[in-house]
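Read the figures in this text as sums done on the coordinates, not as results from a lab. All figures in this text were calculated on a predicted structure; none of them were measured in a lab. Glycine also receives a Cβ, built like all others from the backbone with ideal geometry; neighbour counts cover every protein chain displayed.
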Amino acid sequence: MKKTLAILLAAILVLSCFSFATAEAKTYKVGVSIYQYTDNFMTLYRNEIEAYFKTLETEDVKYEITMADGKNDMAEQTNQVRNFITQGMDVIILNLVQTSSADAVIDEIVAAGIPLVLINREPLAYDADGNTLDEKYEGILNNAQVCYVGADARQSGTFQGQMVADLENHGDINGDGKISYIMIEGDPENIDAQYRTTFSIKALTDAGYEVECLDDQVGNWDQTKGQELCANALSKYGDKIEVVFCNNDGMALGAETAIEAAGRKVGEDIYLLGVDALPEAIDLIKEGNMTGTVLNDHIGQSHAAVDVAVKLLNGEAIDNYYWVDYVMVNKAYVDAQ
Ligand code: BGC
């Protein structure tokens, strides 16, 4: 009888310890808003944010993630941010729809005392006409609770140009002494689009090559638009087009479909470059249907963003900028993997 009582008491003690431990587990509320769910690259990125937060959970610390689709609509995203504030999020991770709206949104989050990690779309300074200046954002990013995690898109553009320069004919297929190209751009407000457009060509001209721009169109990062723009350019300029530069792989996948439909062959009578290193683009490079891409490291970037969010939750000091390197991905690189 005495023994049974002792066992019972021990069991009660163990159980109460357990419930005590559960009661002690801290759950942090994390609000994440992505500019648009249909974006191929940001889909990989946001999935990795969730997966990585999960790996950091312990018995004592949990992360409750609320993920929202900004639907490429700044008004919609502003509402999401306001809901995050009302819901008392402990930290917010934000992939802005419009970097020109950074001030207003960041102000509201800071006023609510919530730490903020901006990702993928770097807010830069603007001039009076709304043009992006090639300068760091001087505003609220000086705040100890706000930072930006991203990659320097100048590097990705430069790698695209270098991959063309490295080809045996340096992209001059018809031997007329110049590289004739078309450019398919992402969202023009986005600094990644601006830098990739400029720096891909700068890498060629800096290396002493002559270039000719046949066409420069905005495809807004979108695969279908990339296909449509490339098909139009191919029917207009035909064999004159030697290189197709796309600001991202989404649009390059579309361009590749258009190139095949036009009876052209990448690596033989045309070259095709993208950025991101989406799995589909890697496959195309393996098959010889894409010349190269640049790894936009969504794993490195999402982990850096989550790590700094955790630091903020723990009240640790942070930097205002975190940079993750791009990597050149050509056939040799893919074959060596
Ligand atoms: C990526 C694009 C993506 C964009 C979204 C860029 O860094 O390369 O694929 O559409 O970010 O902002």
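Numbers for the structure displayed
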| quantity | calculated |
| --- | --- |
| Alpha carbon Rg of region 149-286, scaled by the compact-globule rule 2.2 N^0.38 Å | 0.94 |
| Shape category assigned to the chain from the gyration tensor of Cα positions, a/c cut at 1.5 | prolate |
| Pairs from LYS225/LYS286; LYS265/LYS286; LYS202/LYS331; LYS265/LYS331; LYS202/LYS225; LYS26/LYS311 whose Cα-Cα separation, in the structure shown, is over 19 Å | LYS225/LYS286; LYS202/LYS331; LYS202/LYS225 |
| Additional length obtainable on full extension of the chain from LYS202 to VAL61, 0.36 nm per residue less Cα span | 45.9 nm |
| Packing-based exposure ordering (other Cβ within 10 Å, fewest first) of ARG264, ARG196, ARG82 | ARG82, ARG264, ARG196 |
| Hull volume in cubic angstrom per residue (convex hull over the Cα atoms of region 261-315) | 77 Å³ |
| Cα pair distances in region 220-331, grouped into 5 Å bins until the bin that holds the longest one, percent each | 2, 12, 20, 18, 13, 9, 7, 7, 5, 3, 2, 1 |
| Packing-based exposure ordering (other Cβ within 10 Å, fewest first) of SER100, SER180 | SER100, SER180 |
| Ranking of HIS298, HIS303, HIS170 by count of other Cβ atoms within 10 Å, fewest first | HIS170, HIS303, HIS298 |
| Histogram of C-alpha separations across region 202-245, 5 Å bin width, % | 5, 19, 27, 20, 16, 12, 2 |
| For region 54-84 and region 282-320, distance of Cα centres in Å | 18 Å |
| Qualifying GluC sites (Glu not before Pro) in region 195-277, DSSP loop, other Cβ atoms within 10 Å at most 10 | GLU268 |
| Inverse mean reciprocal Cα-Cα distance (Kirkwood Rh) of region 169-210, Å | 11.4 Å |
